[in-house]
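Take a look at the structure set out below.
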Amino acid sequence: MTGITRYDPFGDLFDDALRGFVVGPVGFEAASPVRRMKVDVAEQNGDYKVLAELPGVRKEDIKVNIDGDQVSIVAESRGERDEKDGERLLHSERYFGKVSRAFRLSQEIDEARASAKYSDGVLELTLPKKATAAAKQLTIQ
């Protein structure tokens, strides 16, 4: 069970506070930071509303998949840097790479009516619930 990661709500806060004390080059490479996609899920008018923070990602690089009650979001930000003559990068906190998030909702999603909008680094999903069939009582003959 080495793939399990414990959620630490204060991890980013302390990492950010302690990062930056050593700005110059050091003798070892620090492990690349793991970026977490921040997601809010709400229920509104019979639909699920999902807001996902994806700063620095182009909308062409976002993929959303819906399979029954499971939603997965995959996004990739690409590093495009202009190097100038004589410039040397000493420290960078910008993240480039893939991030993904998958979660289950309490009801299945109607994929045909689902919609997505991306603006200002925030992905907004409107996920209508699929109508559930009412239970039918059989008449015994």
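The numbers here are math on the coordinates, done by the rules we state, and not lab data. In this text the structure is predicted, and so the values were computed from the model without any measurement. Here Cβ is always computed from backbone atoms with ideal geometry, including for glycine, and neighbour counts include all displayed protein chains.
Structure notes:
- For TYR48, distant residues with modelled amide H under 5 Å away: LEU127, LYS129
- Taking amide H as placed 1.01 Å from N in the peptide plane, LEU54 has its amide H under 5 Å from the amide H of VAL122, LEU123, each at least 5 places away in sequence or on another chain.
- Added length on full extension, which subtracts the Cα-Cα distance from 0.36 nm per residue, ILE66 to LYS130: 21.8 nm
- Backbone phi angles across segment 58-70, fed through the Karplus curve with coefficients 6.51, -1.76 and 1.60 (θ = phi - 60°), yield HN-Hα couplings of 7, 5, 5, 9, 10, 10, 10, 10, 10, 9, x, 9, 9 Hz in residue order; Gly and Pro are listed as x.
- Which of VAL64, VAL57, VAL71, VAL41 has the fewest Cβ neighbours within 10 Å, and the rest in rising order: VAL41, VAL64, VAL57, VAL71
- Loop-located trypsin sites (Lys or Arg not before Pro) in segment 39-141, at most 12 other Cβ atoms within 10 Å (DSSP): ARG58, ARG78, ARG81, LYS84, ARG88, ARG94, LYS136
- Of all lysines in the structure, those lying under 24 Å Cα to Cα from LYS129, and not within fewer than 8 positions of it along the same chain, are LYS38, LYS49, LYS63, LYS117.
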